[in-house]
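J.: First, the structure itself, so that you have it in front of you.
The values are calculated or read from the model by the stated rules, or taken from the named source; none is laboratory data. Computed from a predicted model, the values in this text were never measured in an experiment. Surface areas here come from the heavy atoms of the whole protein model, side chains and all, with no ligands, DNA or RNA. Shrake-Rupley method; radii C 1.70, N 1.55, O 1.52, S 1.80 Å.
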Amino acid sequence: SDSTIAANATKVIADLKGPEQKEKDTLIAKLRPEVIKPGNAVNGAKLFTQNCAVCHKFKNEGADFAPNLNGMGAHGPEDLLVHIVDPNRVVEPNFNAVSIETKDDLSYDGIVLRENNSVVVLRNQTAETEIRKDNIQSRRNTGRSLMPEGFEQLGGEGLRDLLTYLCADD
């Protein structure tokens, strides 16, 4: 309730976010008015197939690697825009990327599909890899998603169409 404390807290939080986060916030704010307009779901379906289906499943199309997008439309285009433009802002723990280096100088990146006392199985877009735990030199949770950044290159119209498709009540 103290405006001075609130202003100081806002400044500290902004400083902690850093310039990359500020750039993402600015980009999202710029795109938000575009994506809430009605879009072309047919074009959105094409954009999904070209850009998202390699990892995501939606309406029985696509790969079952990343989160299934069925029902995600309930969140609305504004919320989904944040996840598309800034995929590392909020990452579900089971989709955090893990980086493993083995004692025989091989490197693997993926999400942990399963693990027991002797092996860990990593999965990425191309393969599932079983790695013996006694061969792991280092293992690091990156805290990041495997989803690439840069989908803002679809532009306001492309993102609007994609989000219209994902948010359709079919």
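J.: So, with a 1.4 angstrom probe, what is the percent of accessible area on the stretch 79-170 that is carbon and sulfur?
T.: 42 percent
J.: Enter the per residue convex hull volume of the stretch 100-165, computed from alpha-carbon coordinates, in Å³ rounded to the nearest integer.
T.: Spelled out: Cα convex hull of the stretch 100-165, divided by residues, is 119 Å³.
J.: Same structure, new question: Given a 1.4 angstrom probe, what's the average accessible area per residue across the chain, in square angstrom?
T.: I get 61 Å² per residue for this part.
J.: Please give the Cα centre distance for the stretch 58-116 versus the stretch 135-168, rounded to the nearest Å.
T.: Going from one Cα centre to the other spans 8 Å.
J.: Then there's this: Residue by residue through the stretch 143-149, which ³J(HN,Hα) values in whole Hz follow from phi under the Karplus form 6.51 cos²θ - 1.76 cosθ + 1.60 (θ = phi - 60°), with glycine and proline marked x?
T.: Running phi through 6.51 cos²θ - 1.76 cosθ + 1.60 with θ = phi - 60° gives x, 10, 8, 7, 5, x, 8 Hz.
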